[in-house]
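Heads up: the structure comes next, in structure tokens.
The values are calculated or read from the model by the stated rules, or taken from the named source; none is laboratory data. Model, not experiment: these values are computed from the prediction. Note that each Cβ is placed from the backbone with ideal geometry, even for glycine, and that neighbours are counted across all protein chains shown.
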Amino acid sequence: RAKATLNQTICFYEVSMDEAARGRRALANDLWEAVEKNQLALHYQVQKSVTTGEVIGYEVLLRWNHPERGMVPPNEFIPLAEECGAILPIGEWVLREACREAAGWDSQHKIAVNLSPVQLANGDVVSLVHAILVETGLDPKRLELEITESTIIDDKQRALLTLRDIKALGVTIAIDDFGTGYSSLETLRSFPFDKIKLDKSFMSEVEGSPQAKAIIRAILALGHSLQVPVLAEGVETQKQLDILHAEGCDEAQGYLLGRPAPIVSVVGVRTEAA
Ligand code: C2E
Ligand code: MG
Ligand code: MG
Ligand code: MG
């Protein structure tokens, strides 16, 4: 009887694997069409100075409004887009839309765009960024590219050269989700970063865990001795913000300061660029 149960279990498992695989394949097909069919949208989340509260910029967060599945969160479709290559047209669309949007603002606020490691490894990324800056007229100083730490490591030499070329355009680079990868110090030592984004998992622990607080303090000291500002992600409570203030954290982002939202609701009515 035990054996029968085991077989059934395996059977169900395989069926559901098949379904999952089919589902992923269908979703991958839809992804390729998402750009053309206008199903992608950008949300913007504010980044503020911890000391003055002033707005520094906005991070761009991609949303996919699927006709049948509704809003598909990026954690579900970005990995798939990276696997099937659709991240290249999608990432290009994100970059162009974000730069065009920011170029139309009154303010000099920065725009922070997530760059996939697949985009980074693509030979054209430097000329693409350059072309989009020229096309939209956005001041390169206002564009920041966020790169997740754990993903850079694969082809280190090449990534390093590409990042240098991107920086030579005047664009800045932030290291995203810092503290979750397994090679943090090595990454910091060899890559030319302009900002450290402390992973949001630290914020969820900082109030209760002396260890989390000690690590945050150490990362802040590290950032500051490298003369690189540190931004804390995932700030949800005033208490967390107070701790960051007391510890000398430079910038913060999170639901407390503003949720990701379509641009009009975060920036207000903007002037139309000529
Ligand atoms: P990320 O770059 O680390 O972005 C921050 C994530 O934290 C966003 O999730 C944001 O909505 C969420 N967040 C912001 N404040 C809070 C908070 O106070 N509490 C909590 N719990 N979460 C908060 P989202 O929008 O679901 O994006 C997830 C990830 O998907 C991003 O993580 C980024 O790695 C990736 N992603 C999003 N848009 C793009 C894109 O255009 N291109 C690429 N390559 N990746 C993207
Ligand atoms: Mg990011
Ligand atoms: Mg990330
Ligand atoms: Mg992050």
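Assorted remarks:
- As a summary of the residue check, GLN119 satisfies the conditions (1) assigned to a helix (DSSP H, G or I); (2) polar (S, T, N, Q); (3) away from ligand 2 (no atom under 16 Å from the Cβ); (4) in contact with a helix residue (DSSP H, G or I) (Cβ under 8 Å, 6 or more places away or on another chain) except for the one numbered (3).
- Selected residue [on the phi > 0 side of the Ramachandran plot, loosely packed, with under 12 Cβ neighbours inside 10 Å and either within 16 Å of ligand 2 (Cβ to nearest atom) or at pLDDT 95 or above (or both)] from GLY70, GLY53: GLY53
- Matching residues in segment 154-203 - criterion: being among the acidic types (Asp, Glu) and within 15 Å of ligand 3 (Cβ to nearest atom): ASP176, ASP177, ASP199
- All of ALA112, ALA131, ALA103 fail the test of being away from ligand 1 (no atom under 16 Å from the Cβ) and in contact (Cβ under 8 Å) with a residue 60 or more places away in the chain, apart from ALA103.
- Some residue of segment 175-190 being β-branched (Val, Ile, Thr), assigned to a helix (DSSP H, G or I) and surrounded by fewer than 14 Cβ atoms within 10 Å (Cβ to Cβ): no
- Against the numbered list (1) modelled with pLDDT of 95 or more; (2) within 18 Å of the chain's Cα centre (by Cα), ASP242 comes up short only at (2).
- Of all the residues in segment 162-195, those that are at pLDDT 95 or above and within 24 Å of TYR255 (Cβ to Cβ) number 2.
- Each residue in segment 40-57 was checked for being of a type outside the set (A, V, I, L, M, F, W, C) and within 11 Å of LEU257 (Cβ to Cβ), and 5 of them qualify.
- Among the residues making up segment 129-177, those that are touching a Leu at 6+ places or on another chain (Cβ under 7 Å) and farther than 20 Å from GLY57 by Cβ are HIS130, ALA159, THR162.
- Subset of segment 198-217 [without any contact (Cβ under 8 Å) to a residue 12 or more places away in the chain and not charged (D, E, K, R)]: GLY208, SER209, PRO210, GLN211, ALA212, ALA214
- In the set GLU149, GLU97, only one residue is within 11 Å of ligand 1 (Cβ to nearest atom), closer than 27 Å to PHE77 by Cβ and touching a Gly at 6+ places or on another chain (Cβ under 8 Å); that residue is GLU149.
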